[in-house]
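Beneath this line is the structure, given in structure tokens, with notes to follow.
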Amino acid sequence: MKKTITISYNFGSEVQLKTEPETKRIITGIILRPNGKMYECACGLETSWHQDVEIEKFPDTKRVGGFRNNK
């Protein structure tokens, strides 16, 4: 029997926990369990395992420069 599994985040993706939106974490591992997928999230030297529903993509905070009047 062939089974296809879709993952929401790849290795190196920047994510945040929904309960800690101010802390950026990096996906460093993915494990398949009978009850679903688990993602290893690293923040500095600490790592923790979380399910898909506990994490979300870290928002891109790119700054767009404005125009300056050079007079």
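Restricting to the range 31-57, count the residues that are within 15 Å of P21 (Cβ to Cβ) and part of a strand (DSSP E or B). Qualifying residue count for the region: 6. The residues of the range 8-30 that are assigned to a strand (DSSP E or B) and farther than 14 Å from T61 by Cα, listed by number, are L17, E20, R25, I26, I27, T28, G29, I30. Applying the condition of being under 11 Å from the mean Cα position of the chain (by Cα) and among the basic types (K, R) to the range 1-56 and asking which residue is surrounded by the fewest Cβ atoms within 10 Å (Cβ to Cβ) yields K18. Against the condition of a type outside the set (K, R) and at pLDDT below 90, how does G36 come out, does it pass? In short, yes. Scanning the range 11-46 for residues that are without any contact (Cβ under 8 Å) to a residue 12 or more places away in the chain and hydrophobic (A, V, I, L, M, F, W, C) turns up just one, L45.
The values are calculated or read from the model by the stated rules, or taken from the named source; none is laboratory data. Predicted model only: the values in this text are computed from it and were never measured. Neighbour counts run over all protein chains shown; Cβ positions are idealised from the backbone, glycine included.
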